[in-house]
Amino acid sequence: MTYNTTIRSKRQRIVTALDIGTSKVCCLIGKASFAPDWFAGDPVQFEVLGFDHTRAEGLKAGMVTHLDSAEHCIRSAVDAAERMAGITIEDVHVSVTSGRLKSDSFSASVALPSGTVRDDDVQRLLLGGRQYAGRDKRSVLHALPVGYRLDDNAGISEPLGMCGERLGVDIHTVTVDEVAMRNLMLCVERCHLGVSSLVAAPYSSALAVVTQDEAKLGAACIDFGAGTTTLSVIADGHFIYTDAIALGSNALTTDIARTLGAPLEHAERLKTLHGSAFATQSDEREIITYPCVTGMAQGSLNQITKAQLACIIRPRIEEILDLMRHRLAASGLAAEVTEHLVLTGGGSQLTGLPELASNMFGRAARLGRPRAMSGLPPVAAAPDFSAAIGLLLHWARGDEKFGARAEQRFLRTGTGYFAKVGEWFMDNF
């Protein structure tokens, strides 16, 4: 995946990522610096200044269910990250998993009156695509150009300055329910924060874990969250498809708790420490002790083998993978486009999951960990935080010019002419 730094200023920038999920709220503050032209690595490098995460409350499948509780969690995570970084932030980039993410692809074209492609021609074309994508009263998160055409010539990546009579573009759009997105923005702005951009969580997760070679050859990324499981497809370096289901690793915890009659916190512990997608012969002899739900101060203890625990987990994880497999097949994408399968998210750390996914999808699967960054705490290098790290990489790509911005702010002031002038000075000097 290539990076476009032409719209960025050449000074250091502070970028804040806010990942709002079902089980946790994570805030990540990074300082971006631009590498010299001769540098062979990524042109934008990040140093993590502040990081914190807190248990999420008032959220379900990424959707706000209790405004005050969700606001408290966001304030707590942001405040701790600010204290660690020693700075005060004003704007954040937010990941979105709620609102029934919908992926769509279509083509559009415009005539070129001047005979050459100018910036206003490209902007007019992309604006028309965004308006078409939002025709069903849904909010457009992304309207990303996949490839341009000039007359009968396709496969053009950057048409500016080229000659032709008609410019066409293939656009991939991601839309969400407007109400869910507005409530999420409202919750963030109640914390006295501005929303710089809204990014589909499947996209940001894929940016963090999919390698450049995989992105070029084609890869599908499955993010196993607590309340949702999302799918994203990247081919030829472009984000071309996404989908999501409201079923995640919390369902495994609930299955364990109901089957064994154990408290939810102990069921989560059983899943995390002893859970597996496969049962081996040695698992038949490994005994696990757990408390029962009795309502007494000291509940009675029961025992279960590790193999029996795997038998409880296996049907649910197969159901989730089967749903993802059917969603991928229904997308119409050719099998060679998604030759590689990358698993990430907190639920992806279940023992044996990559092997099970490889068997069900019929292709190689691996566990995807986010790329390393300077100053990143070891705990944040786990798949749980792929979406947060991907938000920083999304900013580095410059894709927010094709995405949703906070055009309507509910609580904040300072969004008028002088505020915009101040932002322009910050971006360019």
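No value in this document is a laboratory result; all are computed from the given coordinates. These numbers come from a predicted model, not from an experiment. Note: ideal-geometry Cβ built from the backbone for every residue, glycine included; neighbour counts use all protein chains shown.
Approximating the spin labels as points 7 Å out from Cα along Cα→Cβ, the D120-to-V179 distance works out to 4.1 nm.
Segment S374..L273, full-extension length gain: 33.4 nm, with 0.36 nm per residue of separation and the alpha-carbon distance subtracted.
Among the listed pairs K24/K271; K60/K271; K60/K137; K216/K271, those with a Cα-Cα distance over 27 Å are K216/K271. In a DSSP loop and with at most 11 other Cβ atoms within 10 Å, the GluC sites (Glu not before Pro) in the range 151-257 are E165.
Around the Cα centre of the chain, unit charges on the Cβ atoms of Lys, Arg, Asp and Glu (plus for the first two, minus for the last two) sum to a dipole of about 560 debye. Please find, in a Gaussian network model of the chain (springs between Cα atoms separated by less than 10 Å), the residue of R269, R83, R285 whose mean-square fluctuation is greatest. Comparing R269, R83, R285 in the GNM, the peak value goes to R285. To the nearest ten degrees, helix 178-189 and the longest principal axis of the Cα atoms of the chain are 90 degrees apart.
The ranking of S197, S33, S76 from fewest to most other beta carbons within 10 Å of each one's beta carbon is S33, S76, S197.
Between helix 67-85 and the chain there is an angle of about 80 degrees, using the helix long axis and the longest principal axis of the Cα atoms.
Computed FRET efficiency, Cβ-Cβ of A154 and R100, R0 45 Å: what is it to the nearest 0.05? Taking R0 as 45 Å, the efficiency between A154 and R100 is 0.90. Panel order for T272, T173, by other beta carbons found within 10 Å of each beta carbon, from fewest to most: T272, T173. GNM on the chain, alpha-carbon springs under 10 angstrom: the most fluctuating residue among T97, T54, T88 is T88. Counting neighbouring Cβ atoms within 10 Å and putting the fewest first, the residues V379, V140 line up as V379, V140. Helical content of the chain, expressed as a calculated mean residue ellipticity at 222 nm, amounts to -10500 deg cm²/dmol (DSSP H runs of 4 or more residues, -39,500 (n - 2.57) each, divided by residue number, nearest 500).
The GluC sites (Glu not before Pro) found in the range 245-326 that occupy coil by DSSP, while having at most 13 further C-beta atoms within 10 Å, are E286.
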